[in-house]
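The values are calculated or read from the model by the stated rules, or taken from the named source; none is laboratory data. Quantities reported herein were computed from a predicted structural model and do not represent experimental measurements. Methodologically, a virtual Cβ is constructed for each residue, glycine included, from the backbone with ideal geometry; neighbour enumeration extends over all protein chains shown. Ligands, DNA and RNA are stripped out before the accessible areas are found, and what is left, the full protein with its side chains, is counted by its heavy atoms. Shrake-Rupley method; radii C 1.70, N 1.55, O 1.52, S 1.80 Å.
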Amino acid sequence: MVENLRERTPTSKENMPIISASPKQPDANEIQGDMVQLGLSCELASLDRIQQYVGDVTGRLPRNPHGLESFLIGKRQTGLRSALPRPALEFVLHAAKSSQHTLRSGRGFADHAGAAPFLRHLLADNPGGAHFVTAMTGRQPQEANFYEQLPASHPNTVQLLAILAQHDVVPSSTGTWVPDESEQYIGTLMDNLADILNHDRFDCLRNKSEKDHKKDAHRGDQSGSLWGTLKYQQLDQFRWDSPTAQIIKDSYVGLADNASSFLDIGIEPQNLVAILANKIAGLQDSQLDDYHPGPQELVIFLVKNPAIEDGYPAVDGSGALSITWDLVVKQYKKKKKTYKDGTMDVWLRSAIYESYYEFNNVMLQDQMDDDANLCP
């Protein structure tokens, strides 16, 4: 009953520095290579079959036309910072802390020896991430000197990538919105959301109660209580005795169904497709008998009811969703065994914030900042 009352609490629109984008679609050529790694024959992994698989999956996804929309779909690369070349890591630490004055002056990015290696490490073999950066900047990685020129021509975008890299998050796909690179504020907001979804901090925060009467609350009121709504769920294990292609298709649908229902109002369909556009992970050791790349995590930054008001995007709320899954397909390369044993474990975490700015003058970013500081 308390939750129902909270859901009916009036909210307000708040300006959000995002711009409309074309969501990424599944790419049959990208998926084909992943399917071959999974042991499918040339016939089962043909481009025609891949298109059929994509149609099968998208036709089974939940339809929530008024669901949450994304402005970044990222994936967690555990150990990203330790894998960066030393100059690239030094650049990440420098760029993430640079002031707006530094960015506007053009100092420090273009001349930094680690800028281009950082971008190349992040995007060279990451078509989904490249799609996201192109949506923000209009620049294509195929352009001459792309990695060398982007830090000078688009410093806010490069800084945002550095902020995310500090959380071991890299862009992997594009939804219906992307951050507006002319506003540094969006990077601070995303930094706080990524902080809140950090496993240790999230576990600390979700044990705290939410504030009462949020629209009447101000910063400093009800200290120790949350502005946001934090949720966690570990799903019952998925189990299959099916052909590999069916296991993969069912894993897509299972993730989509549960992620959407976990968020109450769901995820808008175009964004759901973009989230799943490159879910399959490759194996580092192709000699293994079982397909088991280890736990994978997507981190999705979300907005609620985005709309253009007075020429500027405004939203009812913002937040982030973490989807972690661990998929295993036994003896995936054995051609004589059509039906394979498959399992998938799934964990979901979310932090959702509603805007009450018109009532209490507290911005979404202020709410997130207050909550992140509850568990430093």
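In nanometres, what is the gap between the two model label sites at GLN331 and LEU374, each 7 Å from Cα along Cα-to-Cβ?
5.0 nm
Which whole-number percent is the relative contact order of segment 53-168 (Cα, under 8 Å, 6+ apart)?
The normalised contact order for segment 53-168 reaches 33 percent.
Would you calculate the separation in nanometres between label points at ARG219 and GLN52, each defined as 7 Å from the Cα along the Cα-to-beta-carbon direction?
Those two pseudo-labels are separated by 5.8 nm.
Where a Cα-Cα gap under 14 Å defines reach, which aspartates and glutamates qualify for LYS249, not counting those fewer than 8 residues away within the same chain?
ASP34, ASP56, ASP241, ASP257
When the label point is put 7 Å from the Cα of PHE359 along its Cα-to-beta-carbon vector, which residues of segment 253-268 have a backbone N closer than 12 Å?
Under cut-off, by backbone N: nothing.
If contacts are Cα pairs under 8 angstrom and at least 6 residues apart, what is the relative contact order of the chain in percent?
Result for the chain is 28 percent.
Where a Cα-Cα gap under 14 Å defines reach, which aspartates and glutamates qualify for LYS208, not counting those fewer than 8 residues away within the same chain?
Output for LYS208: ASP200, ASP370, ASP371.
Could you pull the accessible area for LYS340 with a 1.4 Å probe, rounded to 10 Å²?
For LYS340, solvent-accessible area is about 10 Å².
Please sort 176-183, 216-223, 189-196 by packing, taking for each peptide the average over its residues of neighbouring beta carbons within 10 angstrom, highest first.
Put in order of decreasing packing, that is 189-196, 176-183, 216-223.
Residues with amide H under 5 Å of LYS340's amide H, sequence separation 5 or more or different chain, H placed in the peptide plane at 1.01 Å from N; which?
SER242, THR244
Applying 1/(1 + (r/R0)^6) with R0 = 41 Å to the Cβ-Cβ distance of THR343 and HIS66, what FRET efficiency is obtained, to the nearest 0.05? Present the calculation step by step, with values, prior to reporting the outcome.
Values: r = 34 Å, r/R0 = 0.83.
Efficiency, rounded to the nearest 0.05: 0.75.
Might you report the magnitude of the Cβ-based charge dipole of segment 106-180 about its Cα centre, with Lys and Arg at +1 and Asp and Glu at -1, to the nearest 20 debye? Intermediate results must be reported in sequence, preceding the final value.
Values: 3 positive and 6 negative charges, 13 e Å.
That gives segment 106-180 a dipole magnitude of about 60 debye.
How high is the relative contact order of segment 179-235, in percent, with contacts defined as C-alpha pairs under 8 Å that are six or more residues apart?
Here the relative contact order equals 26 percent.
By per-residue mean of other Cβ atoms within 10 Å, what is the highest-first order of 232-240, 300-308?
My ranking of the peptides, most packed first, is 300-308, 232-240.
Is the shape of the chain rounded, prolate or oblate, going by the alpha carbon gyration tensor and its root eigenvalues a ≥ b ≥ c, with a/c under 1.5 for rounded and a/b larger than b/c for prolate?
It is oblate, given that a/c is not under 1.5 and a/b is not larger than b/c.
Among the listed pairs LYS24/LYS231; LYS97/LYS231; LYS13/LYS214; LYS97/LYS214, which are separated by more than 22 Å between their Cα atoms? The partial results should precede the final answer.
Numbers: LYS24/LYS231 27 Å; LYS97/LYS231 30 Å; LYS13/LYS214 15 Å; LYS97/LYS214 31 Å.
Violating the 22 Å limit, Cα to Cα: LYS24/LYS231; LYS97/LYS231; LYS97/LYS214.
Taking 45 Å as R0, compute the FRET efficiency from the Cβ-Cβ separation of ALA83 and ASP212 and round it to 0.05.
So, using R0 = 45 Å, E works out to roughly 0.50.
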